[in-house]
Ligand SMILES: [Zn+2]
């Protein structure tokens, strides 16, 4: 574990102790079906406000009983991500001590970061936490903006598959891999663009073609002019909360 992760872990433990001392909390048993059971202590108000699954489970506990719920299919180390999200309200994919793009060893970090993001997204879906999903959309947009022209076809296809696995068919986040691919893929990656060669899900392939049409044969407008958010003030069009009529996770939580 890196020094940054050590500090993050210690802060998490300290916060958990403070929560136990000063807040109503809920004990969440995880991992029973994964062979590695563990228990997390989460602040009840935050957990209920964020997660539909935890909120429903806690509401079924009889008044006066210990607030303890079980989520046997969730892996313990994935729950740690979720606890960090509840306490900080942000998702951190880019770590301070990471190897930057273009540096030796970055490829390993890159795949690890992408896999970690995928695990987060799975947990967000399992716990029905729309805010966590939206925060993850922002995290992957930040990740893409660090790569820029380094965001290649493999990244686009991989991201589309993860979104396809966990988010609903009408999720606005589907636009992220499509628009990022149009903007950042190298020209050669479009050369053999066909339904046969592309490996992404069907909506991704169709979306790419649909977005590319206005640029085909045009010398006046480059595909690289397609809009893609530069910072987190421009990302709500890609969030689930917009179609659900809810405030953004970046708004203060009414607790
Ligand atoms: Zn938003």
Checklist entry - Across region 240-253, what is the number of residues that are within 21 Å of residue 87 (Cβ to Cβ) and either without any contact (Cβ under 8 Å) to a residue 40 or more places away in the chain or within 8 Å of the ligand (Cβ to nearest atom) (or both)? => result 7
Item to check | Elements of type helices (runs of 4 or more DSSP H) contained in region 156-246, each with 3 or more residues being farther than 19 Å from residue 141 by Cα, assigned by TED's automatic domain parsing to the domain that holds residue 125 and modelled with pLDDT under 90 | outcome: 188-191, 202-212
Checklist outcome for this item: The number of residues in region 109-155 that are under 30 Å from residue 58 (Cα atoms), part of a helix (DSSP H, G or I) and in contact (Cβ under 8 Å) with a residue 60 or more places away in the chain is 9
Item to check | Matching entry among 68, 98 (being farther than 25 Å from residue 239 by Cβ and surrounded by 17 or more Cβ atoms within 10 Å (Cβ to Cβ)) | outcome: 98
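Just checking, does region 176-195 include any residue being under 24 Å from residue 127 (Cβ atoms), under 16 Å from the mean Cα position of the chain (by Cα) and either surrounded by fewer than 18 Cβ atoms within 10 Å (Cβ to Cβ) or within 16 Å of the ligand (Cβ to nearest atom) (or both)? Lay out the reasoning, then the answer.
First, pick out the residues of region 176-195 that are under 24 Å from residue 127 (Cβ atoms): 176-177.
Right, trim to under 16 Å from the mean Cα position of the chain (by Cα) and you get 176-177.
Imposing the further condition that a residue be either surrounded by fewer than 18 Cβ atoms within 10 Å (Cβ to Cβ) or within 16 Å of the ligand (Cβ to nearest atom) (or both) reduces the set to 176.
Scanning region 176-195, I find at least one residue that is under 24 Å from residue 127 (Cβ atoms), under 16 Å from the mean Cα position of the chain (by Cα) and either surrounded by fewer than 18 Cβ atoms within 10 Å (Cβ to Cβ) or within 16 Å of the ligand (Cβ to nearest atom) (or both), so the answer is yes.
The values are calculated or read from the model by the stated rules, or taken from the named source; none is laboratory data. Please read all numbers here as calculations on a predicted model, not as lab measurements. Cβ sites come from the backbone with ideal geometry, for glycine too, and all protein chains shown count toward neighbours.
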